[in-house]
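Have a look at the structure below, then the notes.
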2 protein chains.
Amino acid sequence: MDRIDSVLNALPQDLVTRDPDITARYLTDFRKYLTGATRAVLRPRTREDVALIVRLCAEHGVPLVPQAGNTSYCAAATPSAAGDELVVSLERLNAIRELDAANLSLTAEAGCVLSVLQEAADAAGLLLPLDLGSRQSCQIGGNLSTNAGGVSVLKYGMARDLVLGLEAVLPDGTLLEVLQPLRKNNTGYDVKQLLLGAEGTLGIITAVSLKLVRKPVQTVTAFLAISQIAALTTILGEAQAYTGENITSFEYVSDHSLKLLLAAKPEARHPLSEASAHYVLLEAQTASPVFPLEDAVSALLERLMEAGLVTDGTLAAGGAQRDALWELREHIPEAEVAFGGSIKHDVSVRTSRLPAFIEAASALVETHSQGGRLSIYGHVGDGNVHFNVLAPEGAVASDYKAWFEREVAARIYDLAVEMGGSYSAEYGIGLVKKGLMARYGSPEKTALMRAVKAAVDPQGIMNPGKVV
Amino acid sequence: MDRIDSVLNALPQDLVTRDPDITARYLTDFRKYLTGATRAVLRPRTREDVALIVRLCAEHGVPLVPQAGNTSYCAAATPSAAGDELVVSLERLNAIRELDAANLSLTAEAGCVLSVLQEAADAAGLLLPLDLGSRQSCQIGGNLSTNAGGVSVLKYGMARDLVLGLEAVLPDGTLLEVLQPLRKNNTGYDVKQLLLGAEGTLGIITAVSLKLVRKPVQTVTAFLAISQIAALTTILGEAQAYTGENITSFEYVSDHSLKLLLAAKPEARHPLSEASAHYVLLEAQTASPVFPLEDAVSALLERLMEAGLVTDGTLAAGGAQRDALWELREHIPEAEVAFGGSIKHDVSVRTSRLPAFIEAASALVETHSQGGRLSIYGHVGDGNVHFNVLAPEGAVASDYKAWFEREVAARIYDLAVEMGGSYSAEYGIGLVKKGLMARYGSPEKTALMRAVKAAVDPQGIMNPGKVV
């Protein structure tokens, strides 16, 4: 009997799934970069189950790979192909433990699907201000383990910023409970920060207490045409000033991306009468019933048009129009897939440098990509742009992507880093970006990460090979 | 030549202050709990100076105590009485390196006084939304090392939440640079979180990049009388709803505290015509020029008075009136000192449980304190209350305090912890609260803290004896 059998035999068998037809769906990452192997997927129902699993794995030196919604863009939750790791799926650990409306907090288990938590908050007249495209399938444990970003970061921050408390199982099977939903709690090191963004390499998050906010009672959504990308920073500043920093989303869409989308989705319509090189999808929200939000955004648009910063714009007149505008932004990734998929560069720079980055990076692609097609969009209010490139028409997409990754991609990352930016704004590291971390990561930071990893997980059994 | 001499002799002598007349002011903590000793205070001018100091101390195994503004309430920056530790004052590392207005960021060195940074932001038409009573003397490195709270946490979060980037010297003298002012940067563990709130036990923060926000152009300040403390939570909720979560401060003042203040400061005036058991100082701010903030707060007051939740209230009609209202809140600690000083309990619970905590804790004092006088105030919008007790009139304050700390204080902390709260909301641990951490801290958390400390500072030279 080998070490893995020792673990599997010691577990209650209803937690163990060995059927390869079932385990298959846990083995390929969302972007289909790679497919791993495993002897079993473990599906705990309680935090005690998780602690038992980890304790047994620690005892027998068996590595494990925590997995939530399996929507990582960096294969952070995919086991190795060697089949020597067990997958721990948190999907059955999915109870909402408590919603304390007066405390504006929600305590839920790691396997809760994000949209389920959003709905629970909504039903209580509140808002969980974490939102991203994969909301229907991603799970909160994964959102926190990767410090997810998304479309509301501008106003509400990253996933990390929404965490009041955390419960996790450490690599030796210890249950760590710092779950109280407190806004102030300076009692020693804030150890929950270790688990947030660690992509499962320092333990398994089992539950979390999240900040809620009051539900917006007014939403104004606008789609603006911009002639000069240099104006983006000014427009953002003016929008924040006019609305009292109530801009929740400030999303850039390049004309390239909009054209792709309109080609891929014939039912979608261009929201403006004329094409422009650049667009912004802007959303403002407030929980106040008395602030004239729509007037403020209208006045803003007028001012921006008078100043020549915006050439055209439309305000959504209701929920259906709002949804249509958001589809233009959120379905771009699907449109890219319809045209063979894209090479993604999830980079960030200061918001003050973003227009210059987009221009310079576009010029690099123009010069070096042998006809690659740009698709640029993203959360530019946070300095985060998804700078993507599609194969030229007629090229074999997979061949082109491999060539581009080898010959061109480094130029784009080099540029972002030279401009003081990041080579991974919100996707994280996982397996896929480890090469980038080796190239751009500060050696001092990496050494500190390794020291922490060795201290917390001395056997190296938690999600081995990822991040560190 | 002993180890300390080896360090001191190897340093440029202009960094070394040995004159006891000068070093004396670094040796007593702000609350005057204790006075330490040192052979020298080191005062680096650059981050390279800091790295050199730490490298030499690491080489010779000499412990050191980082000190910024020396305003800790827990003696977190006071050396031991044995004189075997060197004090490193960051006060000369006080350059503002950069203010990037379009990126809403400010990069400054650890020794900058908070108010200086606030003024720099203000001069750029922006706001640094970290604010606390000691703003004129505390330094930003200390604010971050203790994860300071203060009077703007409700809207803007704790000091930790305002940090975009950090530069620090690790316990082996390594300079760690993760200083880029980026809002999104998921590139491995967020190592800056380790230093934030670690009270100097894991390294010395040398510089920080902070988030700024747009400067409010409207401020409305109100002072409300509340008959039932149970109404606090409802009033906070209504205020947030009406103003679209633009309440920046929601400070509780008990009638006990207001009476103390009025007795200690004859020039201060009661802002309302009749006394009440409880008051709230509420401030709303917005950067929007078009939102009718004062109308919203007036409508809120009307509604709260109609509902009987608020019995009386006044709105500040200008800067001078606003300042007068704030003095009623901010000078309470001084008033306590004028009456012999207070035993402070800096506790937090969920905002939903705060009224119940205040009632139950007050009853405990009533029953057990042999006539102690209550002074309760604080940042109740964040669930944080300063639950303070003064000696009975006529008692010898120091004797009473010692008796109270021994016989009664634990009852109050017990209650806070039993209610799911914290025994140190914003003051931290330092030396003074280590006993509380031993009593209430989770053993699993403490073990994890120790593992991290041992990994990052294996020699234990950074601020020994504090926190862990």
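The values are calculated or read from the model by the stated rules, or taken from the named source; none is laboratory data. A quick note: this is a predicted structure, and the numbers were derived from the prediction, not measured. Cβ: placed from backbone, ideal geometry, glycine included. Neighbour counts: every protein chain shown. Areas reflect the complete protein model, heavy atoms only, side chains present, ligands, DNA and RNA absent. Shrake-Rupley method; radii C 1.70, N 1.55, O 1.52, S 1.80 Å.
Values computed for the structure shown
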{"read-out": "Förster radius 51 Å - calculated FRET efficiency between A:Ala277 and B:Asp5 (Cβ-Cβ, nearest 0.05)", "value": "0.15"}
{"read-out": "Label 7 Å beyond Cα on the Cβ vector: B:Ala324 copy-to-copy distances, nm", "value": "5.7"}
{"read-out": "Charge sum, other residues only, whose C-beta stays under 10 Å from B:Asn147's C-beta, Lys/Arg counted +1 and Asp/Glu -1", "value": "-2"}
{"read-out": "Long-range amide H partners of A:Arg97 with built H, under 5 Å", "value": "A:Thr107, A:Ala108, A:Glu109"}
{"read-out": "Label point distance in nm, A:Asp414-B:Asp255, each placed 7 Å from Cα along Cα→Cβ", "value": "7.4"}
{"read-out": "Gyration tensor (alpha-carbon) shape descriptor, region B:339-427, a/c threshold 1.5", "value": "prolate"}
{"read-out": "Inter-part distance where region A:61-126 and region B:197-245 are each reduced to a Cα centre, Å", "value": "30"}
{"read-out": "Average accessible area per residue (Å²) across chain B - probe 1.4 Å, nucleic acids and ligands excluded", "value": "35"}
{"read-out": "At 7 Å out from Cα toward Cβ: A:Val337 inter-copy label distances (nm, ascending)", "value": "6.4"}
{"read-out": "Interface burial for B against A (accessible surface, 1.4 Å probe, total of both chains, Å², rounded to 100)", "value": "6800"}
{"read-out": "Cross-link pairs B:Lys344/B:Lys445; A:Lys401/A:Lys434; B:Lys344/B:Lys466; A:Lys453/B:Lys344; B:Lys265/B:Lys433 - those with Cα-Cα distance over 27 Å", "value": "A:Lys453/B:Lys344; B:Lys265/B:Lys433"}
{"read-out": "Relative contact order for region B:103-181, counting Cα pairs under 8 Å that sit 6 or more residues apart, in percent", "value": "24"}
{"read-out": "Cβ-vector label at 7 Å, B:Thr367, separations to other copies in nm", "value": "7.7"}
{"read-out": "Alpha carbon centroid spacing (whole Å) that separates region B:361-439 from region B:15-57", "value": "32"}
